[in-house]
Amino acid sequence: MEYELTRQRLVEGVLLNSFRADPPAGMLVRTDEELDASFAAALGEHDPAEDVHVFGYGSLMWNPAMEVVQTRLAQVHGWHRRFCFRLLVGRGSALEPGAMVALDRGGTCRGLLFRIEAAKVQAELRLLWRREMISDSYMPRWVRTHAGGQAIRALTFVANRSTGRYLAHDRIDDVAHLIRTGQGTLGTSRDYFESLLATLETHGIRDSGIERLRQTILRADRLAASP
């Protein structure tokens, strides 16, 4: 059964419950108590009277599933966009693993900055936690982004390098293979990758690492199609 990642399904907890019902081997699925503790820690120093900005660099850019009052281009330094996780759920499975993007250390990343009004921060971020913090792949982090000449503190989700699914030094050809072949209940890794490419192009974002990966994937496609 496929689960489209919509706001309503996040509200209903469909994705979270499906992961908990059949967790892949070696993948930690967080309990409600663990999600609440992580949420409280991340928002501990935030003034509840202030809006929150969220920096999106992957599927949040084309499917935020959040109620926001402003969206604009932004850049973060010290982190870069990278397919650095072996994906066993959603757009991958144990039999046909895919690859998932995250913010990894070093470099820069351009993405979208979403602003959530103060009155809705708790509700909207709790939905975001159900989406991004189900497993141990990500860690929430406050980063300094730059948008329209302003430095803005924003919440984002960075790679947890301690998980066993982290691809530390995998060759680009191996990552390309995961993207080309991975599929699961939410669809294929290739569809995700193509959505990312289209979104980056729409917003005029050039990402050299993603472009190298695209070229590697296309080269593998040509080799597979040759007699």
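Only the coordinates and a few stated rules stand behind these numbers; no lab work does. What you see is a predicted model, and the numbers here were worked out from it, not measured in a lab. Glycine gets a Cβ as well: all are built from the backbone with ideal geometry, and neighbour counts include every protein chain shown.
Report the label-to-label distance for GLN215 and ALA123 in nanometres (one decimal), using points 7 Å from each Cα along the Cα→Cβ vector.
Between GLN215 and ALA123, the label points sit 4.8 nm apart.
Relative contact order of the chain, please, whole-number percent, based on alpha carbon pairs below 8 angstrom and at least 6 residues apart. List each step's numbers first, then the result.
Values: 393 pairs, mean separation 57.5, N = 227.
In percent, rounded to a whole number, it is 25.
Residues with amide H under 5 Å of ILE152's amide H, sequence separation 5 or more or different chain, H placed in the peptide plane at 1.01 Å from N; which?
Close amide H contacts, sequence-distant or interchain: THR145, HIS146, ALA147.
In units of 2.2 N^0.38 Å, what is the alpha-carbon radius of gyration of region 154-220?
Details: Rg = 13.2 Å, N = 67, 2.2 N^0.38 = 10.9 Å.
With N residues counted in region 154-220, Rg over 2.2 N^0.38 Å equals 1.21.
With labels modelled as points extended 7 Å from the Cα through the Cβ direction, what inter-label distance (nm, one decimal) is found for ILE172 paired with TRP142?
It works out to 3.7 nm between the two label points.
Applying a 10 Å radius around every beta-carbon, put 113-122, 33-42 in order of their mean neighbour count, most first. Show your work: numbers first, answer last.
On the way: 113-122: 17.3, 33-42: 13.3.
The packing order, highest mean first, is 113-122, 33-42.
Under the rule a/c < 1.5 gives rounded, and otherwise a/b versus b/c splits prolate from oblate, where does region 72-116 land using the Cα gyration tensor?
Values: a/c = 4.35, a/b = 1.93, b/c = 2.26.
The shape class here is oblate.
How big is D for region 72-198, in µm² s⁻¹ as a whole number, if Stokes-Einstein is applied with the Kirkwood radius of its Cα pairs at 20 °C and 1.002 mPa s? Show your work: numbers first, answer last.
Numbers: Rh = 15.6 Å.
Translational diffusion coefficient: 137 µm²/s.
If packing is taken as the average number of other Cβ atoms within 10 Å across a peptide's residues, how do 98-104, 151-157, 210-216 rank, most packed first? Write out the running numbers ahead of the final one.
Values: 98-104: 25.9, 151-157: 18.3, 210-216: 16.4.
The most tightly packed comes first, giving 98-104, 151-157, 210-216.
In whole angstrom, note down how far apart the Cα centers of region 65-89 and region 166-185 are.
Cα centroid to Cα centroid, the span is 19 Å.
With angles folded into 0 to 90 degrees, how steeply does helix 208-225 sit against the dominant principal axis of the chain? Use alpha carbons for both and round to 10.
30 degrees
If the chain between THR108 and ASP36 were fully stretched, how many nm would it gain, using 0.36 nm times the residue separation less the Cα-Cα distance? Working shown, then result.
Details: separation 72, 0.36 × 72 = 25.92 nm, distance 3.03 nm.
Gain on stretching THR108 to ASP36: 22.9 nm.
With a sphere of radius 10 Å drawn around the Cβ of PHE193, what net charge do the other residues whose Cβ falls strictly inside it have (Lys, Arg +1; Asp, Glu -1)?
Details: positive: ARG91, ARG180, ARG190, ARG214; negative: ASP191, GLU194.
So the environment of PHE193 carries a net charge of +2.
In degrees between 0 and 90, to the nearest 10, how far off the longest principal axis of the chain does helix 32-43 point, with axes built from Cα atoms?
The angle comes out at about 70 degrees.
Sequence-distant or interchain residues sharing an amide H contact under 5 Å with GLY90, placed H: which?
THR185, LEU186
Relative to the longest principal Cα axis of the chain, at what angle does helix 172-181 sit, 0 to 90 degrees, rounded to 10?
Helix 172-181 and the main axis of the chain meet at about 90 degrees.
Where the centre of each part is set by its Cα atoms, how far does region 201-227 sit from region 93-127, in angstrom?
Cα centres, region 201-227 to region 93-127: 23 Å.
How large is the Rg to Rh ratio of the chain when both quantities use alpha carbon positions and Rh follows Kirkwood? Could the numbers behind the result be given before it?
Working: Rg = 17.3 Å, Rh = 18.1 Å.
Ratio value, two decimals: 0.95.
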